[in-house]
Amino acid sequence: MDRSVVDGSAARPTTPRDAAVPRARGLSNTTREALWGYLFVMPWIVGFVLFSAGPILATVYLAMTEYNVVEAPRWVGLRNFDDLFFHDPQYLKALMVTVEYSAVRVPLVIVVGIAFAMLINTNMRGVNLFRLALYLPSIVPLVAASVLWLWLLNPQFGFVNPWLRDGFGVVAPNWLRDERTALYAIVALSVWQVGHTMMIFLASLQEIPKDLYEAAEIDGASLWQKTWRITIPMITPTIYFNLIMGIISSFQAFAAVFILTRGGPANSTLVYIMYLYRRGVEFLEMGYASAMALILVGIILSLTVLIMKTSDRWVNYDRA
Amino acid sequence: MTGREAGAAPWTSERWWTERGRWIVLFGLSALWLAPIALLGSTSLKTPQQLYDPTKILPDPVQWSNYRVVLFEAFPFARYVMNSLFVSVLSVIGDVLSSAFIAYGFAQLRFPGRRVLFLLMIATMMFPFAVRMIPLFLIFKELGWINTYWPLIVPSFLGTHAFFIFLLHQFFLGIPKSLLESARIDGANEIQIWWRVVLPLSKPALAVVAILAFEQSWSDFLSPLLYLNDRSLYTLPLGLYSLISGDDVAANWHLVMAATVTMILPVVVIFALAQRFFVRGVTMTGLKG
């Protein structure tokens, strides 16, 4: 071993591995490195073909068919898309509900996340306990949190309505069974689980150089001015990131809706995946559901691209 | 929860009042945010009669037997806990090993097509699960894997969670080349280098991925809903769902809440043991977008 290392490094100091692995002397270093490289990424390639690329291509095909699992898929061309856009009011309802859900949820979670992060960004005594209290709900698994919500908002056995009635004399609606409130009751669950977003923004706030604030204070800037002129501009990259991730996840909301309302009442919470699940899994219209899935990809990709395109107008990349 | 402290400015009376106001607001918010968890705990210890009096917060008498009933008697939640643990532990092992293995290839080895494959991997993160859901179901049905745990475990071993690969890739880029070179000179092959040099150096990043993978697997609802039919195979999210989709849920809220606590508790225990990795996970995943 020692000898070969000496030999190798003496002869060609830049490529000592030739000598270190005598077995593979026939191959050049680059080839050997490449072979190792392929070996390492091989599990991903297999997984990609079986579980990503293959299924995605299959979805593209199934979207052009009628398929109920029992009989073979029957080619129908673009009819599923025609049905979706022009003959299925429920689909358009699902689109509207998803847009409303995202348009309320994403900005709200970001605003509350930033506000909470600013509140806990202090060295005050006991602040760690407050951080813990506000963060803890976000590690509750979504299914468990949804079941907890189901109980809390139950008009008879839950806590919220009896408490409002006994304590304040307020007759509250049946949150999850009232089509005016159901969607917002689900959004409220996301706000309760804001802790994760809050911690991201806290980390982002702590990256802002202190001297910016010191300079502003010397100039007599108010808290309001410091917030809008320094804090918010400095965390725009984090806002940008959370905006994209928030939209992607909002358009895929499912578990909370499935547990809390199953899309009802009167389809007022029929989010996209809920409707896709209903048609694809419950009604076994796999072709129709595949067409819905393809459109969803289109929506998510175009929204992401749209935000990316506008980002240079409002995201501040000067820091780093 | 740690964090860099804000700079210490001199204490003025104005600052004292701002801090006092901040304290009051935070106290109120914390109480409000913890209230659902406290109510969850208290309801899980109530008797059925006490359910009709939801604003009476403290359970009296305290009925610990609710947990026994949920875990072993009326409902097999002990079974669901074991099922969930089995699936989650295996899929965490799969995620950590496969993501680290693949990330090493992308980060430290040069081969033709590397950039294209890496971009493809990043692109898979943009695709919603729904677009793969139906064919995946058909593939697993073809393989005879419906009503088994294979669909919940095998994909983890093949690096299907691109995000974890991406995280570890970023981490591995920071490992000095010279370290790997000297291991090569000592005659180690790439697998040995990965196992003996790279992995031990990356324990914090691996811990973050393990925690994220556990959270994901433990809470996963849609996949088990699609693939598992037998009650005896249910994981906790499905078990909990089956509990509330029954007709007699009204009389059983105390048991439902006990089951919910059972599902949350392991996550809280892991959080208590590995708090710093949770926080690191937040910053690793949230900032470097």
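The values are calculated or read from the model by the stated rules, or taken from the named source; none is laboratory data. No experiment lies behind these values; they were computed from the predicted model shown. With ideal geometry, Cβ positions are generated from the backbone for all residues, glycine too; neighbour counts draw on all protein chains shown.
Among the residues of region B:48-84, those that are in contact (Cβ under 8 Å) with a residue 60 or more places away in the chain and exposed (fewer than 15 other Cβ atoms within 10 Å of the Cβ) comprise B:Pro48, B:Ala74. Checked against the criterion of being touching a Pro at 6+ places or on another chain (Cβ under 6 Å) and not in a helix (DSSP H, G or I), region B:94-109 contains not a single residue that satisfies it. Can you find a residue in region B:98-119 that is at pLDDT 95 or above, under 30 Å from B:Asn147 (Cβ atoms) and more than 7 Å from chain A (Cβ to nearest Cβ)? Among the residues of region B:98-119, at least one is at pLDDT 95 or above, under 30 Å from B:Asn147 (Cβ atoms) and more than 7 Å from chain A (Cβ to nearest Cβ), which makes the answer yes.
Say whether the condition of being closer than 24 Å to A:Val97 by Cα and touching a residue at least 40 places away in the same chain (Cβ under 8 Å) is met by at least one residue in region A:197-210.
Scanning region A:197-210 turns up at least one residue that is closer than 24 Å to A:Val97 by Cα and touching a residue at least 40 places away in the same chain (Cβ under 8 Å).
Taking the conditions exactly as written (more than 21 Å from A:Met96 (Cβ to Cβ), free of Cβ contacts under 8 Å to residues at least 40 places away in the same chain and surrounded by fewer than 22 Cβ atoms within 10 Å (Cβ to Cβ)), does A:Met245 satisfy them or not? Taking the combined requirement at face value, the residue satisfies it. Being surrounded by fewer than 17 Cβ atoms within 10 Å (Cβ to Cβ), in the same structural domain as B:Pro135 (by TED's automatic domain parsing) and either hydroxyl-bearing (Ser, Thr, Tyr) or at pLDDT below 95 (or both): is that true of B:Ser232 here? Judged against the criteria, B:Ser232 is a match.
If only residues of region B:26-47 that are in a loop (DSSP other than H, G, I, E, B) and buried (at least 19 other Cβ atoms within 10 Å of the Cβ) are counted, the one that is nearest to the chain's Cα centre (by Cα) is B:Ser44. Scanning region A:137-157 for residues being within 7 Å of chain B (Cβ to nearest Cβ) and touching a residue at least 24 places away in the same chain (Cβ under 8 Å) gives a total of 7. Show me the helices (runs of 4 or more DSSP H) entirely contained within region B:115-188 in which 1 or more residues are crowded, with 19+ Cβ neighbours inside 10 Å, within 23 Å of the chain's Cα centre (by Cα) and not basic (Lys, Arg). The qualifying helices (runs of 4 or more DSSP H) are B:130-142, B:150-157, B:162-173.
Looking at A:Ile235, is it more than 11 Å from every other protein chain (Cβ to nearest Cβ), surrounded by 19 or more Cβ atoms within 10 Å (Cβ to Cβ) and touching a residue at least 40 places away in the same chain (Cβ under 8 Å)? No. Cβ separations smaller than 7 Å between residues 6+ apart or across chains give the following pairs from region B:249-265 residues that are at the interface with another protein chain (Cβ under 7 Å from one of its Cβ atoms) and farther than 11 Å from B:Leu40 by Cα to residues that are surrounded by fewer than 24 Cβ atoms within 10 Å (Cβ to Cβ) and modelled with pLDDT under 95: B:Ala250/A:Phe157. Of the numbered conditions (1) within 10 Å of chain A (Cβ to nearest Cβ); (2) without any contact (Cβ under 8 Å) to a residue 12 or more places away in the chain; (3) closer than 21 Å to B:Trp194 by Cα, B:Arg132 satisfies every one except a single condition; which is it? Condition (3) is where B:Arg132 drops out. Remark: B:Pro176 falls outside the filter, which requires a residue to be of a type outside the set (Gly, Ala, Ser) and within 7 Å of chain A (Cβ to nearest Cβ). When you look at B:Val268, is it surrounded by fewer than 18 Cβ atoms within 10 Å (Cβ to Cβ), in a helix (DSSP H, G or I) and facing chain A (nearest Cβ under 9 Å), yes or no? The answer is yes for B:Val268. Return yes when B:Val70 is aliphatic (A, V, I, L, M), touching a helix residue (DSSP H, G or I) at 6+ places or on another chain (Cβ under 7 Å) and at pLDDT below 95 and no when it is not. So B:Val70 fits the description; yes.
Looking across A:Val127, A:Val97, A:Val109, one residue alone is over 30 Å from B:Ser84 (Cβ atoms), modelled with pLDDT of 95 or more and more than 7 Å from every other protein chain (Cβ to nearest Cβ). It is A:Val97. Any idea how many residues of region A:31-50 are within 7 Å of chain B (Cβ to nearest Cβ) and β-branched (Val, Ile, Thr)? Matching residues across region A:31-50 total 2. Which of the residues that make up region B:48-74 are among the β-branched types (Val, Ile, Thr) and more than 32 Å from the chain's Cα centre (by Cα)? Correct list: B:Thr55 only.
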